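A quick write-up on the structure given underneath.
Every number here is computed from the coordinates shown, using simple stated rules; none is lab data. Bear in mind the structure is a predicted one, so any value in this text is a computation, not a measurement. No Cβ is skipped: glycine too gets one built from the backbone with ideal geometry, and neighbour counts run over all protein chains shown.
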Amino acid sequence: MNTEDLNEYIKTNSKAYDIFIEKALVYQNNKNASRKMEKRFSEDKVASKAEKMWENIVVNLHDKLNAEKTLKKHPSTDWIRFMEEHEMLDNLEDSMGVLDLED
């Protein structure tokens, strides 16, 4: 499973993305508000920064899963089974729920 497939799987089967992106947008908007007026980002750039934060989470998760010997070079179905057996999506949602983004 590649990172794009993992990202799509998480977005389709979990609320983790929605929970995270809401918090990331608040964080990025607060960070943007503290910039000087002439240096502030557009709404699109703020949204892009929040998306980049999410992409980093997915890449890190992918790297950790890919390090599992039972998953390396295995089909996506094995990845999904592993994530289900370890309740990874539930745990990811819980983690995003308690996540506090601060400077």
message: Compute the helix-to-body angle for 88-98: its Cα long axis versus the longest principal axis of the chain, expressed 0 to 90° and rounded to tens.
response: 20 degrees
statement: Only helices counted: for the chain, with every DSSP H run of 4 or more residues adding -39500 (n - 2.57) and the sum spread over all residues, [θ] at 222 nm is -23500 deg cm²/dmol
- prompt: GNM, the chain, Cα, under 10 Å: largest mean-square fluctuation among SER76, SER34, SER14?
  reply: SER34
- prompt: With no solvent and one point on each alpha carbon, what is the Debye value of log10 I(q)/I(0) for region 3-98 at q = 0.14, 0.21 Å⁻¹?
  reply: -0.58, -1.02
query: Going by alpha carbons, how many degrees (0 to 90, nearest 10) lie between the helix axis of 16-33 and the longest principal axis of the chain?
result: 20 degrees
- prompt: Top mean-square fluctuation among MET37, MET88, MET53, Gaussian network model of the chain, C-alpha springs under 10 Å?
  reply: MET37
task: With a Förster radius of 30 Å, plug the Cβ-Cβ distance of LYS73 and LYS36 into 1/(1 + (r/R0)^6) and report the FRET value to the nearest 0.05.
output: 0.05
- prompt: Normalised by the number of residues in the chain, what is the relative contact order in percent for Cα pairs under 8 Å and 6+ residues apart?
  reply: 46 percent
